[in-house]
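Accompanying notes for the structure given below.
The values are calculated or read from the model by the stated rules, or taken from the named source; none is laboratory data. This one's a predicted model, so the numbers in the text were calculated from it and none came from an experiment. Cβ coordinates were reconstructed from backbone atoms using ideal geometry, including for glycine residues, and neighbour counts include every protein chain displayed.
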């Protein structure tokens, strides 16, 4: 006699992979600065400077010990739409890198920011993987890439100015 809680006889039902997992989009950005890794990290980790790198930020505040795994960075943004980002730090090894999980507007993202020494400065590289590919009819990859490129270009420009003593 078959146990009533066992599997139904016959082949398993066919499940569409489209319904199992949303599309994951990866965006990468690499920039260079004349600042060494330590200086680049000090500038990056000072969240009071972040408004200089993007005009999308309204309020930025820590919940928990800054840059410690499990701490949260709450960021109110004003564009492309008003929203609140909640970043949970998952890894932080100053001055070489940080990673977080970000939640905003129903999207989940994993992002890493890495600082690697190169001759005379630092290569700042970041990658982000986001669930979903569409945001109000706009391509998420294009939108996120533009935001990241602007932010990290402005960040590296400030690092260069500090490294040059300006």
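Worth a mention:
- Looking only at residues in the range 112-137 that are without any contact (Cβ under 8 Å) to a residue 24 or more places away in the chain and assigned to a strand (DSSP E or B), the one that is nearest to residue 24 (Cα to Cα) is 134.
- Residue ID - modelled with the lowest pLDDT, chosen from residues in the range 127-153 that are crowded, with 17+ Cβ neighbours inside 10 Å and within 15 Å of residue 44 (Cα to Cα): 148
- In the range 100-124, the residue that is modelled with the highest pLDDT out of those that are closer than 18 Å to residue 143 by Cα and surrounded by 17 or more Cβ atoms within 10 Å (Cβ to Cβ) is 111.
- Residue list for the range 76-87, filter: within 18 Å of residue 48 (Cα to Cα) and surrounded by 14 or more Cβ atoms within 10 Å (Cβ to Cβ): 76, 77, 85, 86, 87
- Residues that are in contact with a helix residue (DSSP H, G or I) (Cβ under 7 Å, 6 or more places away or on another chain), free of Cβ contacts under 8 Å to residues at least 40 places away in the same chain and part of a loop (DSSP other than H, G, I, E, B) occur at least once in the range 64-75.
- Count - residues of the range 45-63 that are in a strand (DSSP E or B) and under 14 Å from residue 77 (Cα atoms): 5
- Residue satisfying condition, being under 21 Å from residue 161 (Cα atoms) and either modelled with pLDDT of 95 or more or not in a helix (DSSP H, G or I) (or both), within set 26, 87, 42: 42
- Hey, residue 97 within 18 Å of residue 34 (Cα to Cα) and exposed (fewer than 15 other Cβ atoms within 10 Å of the Cβ) or not: no
- For residue 166: the one exception among (1) assigned to a helix (DSSP H, G or I); (2) within 19 Å of residue 35 (Cβ to Cβ): (1)
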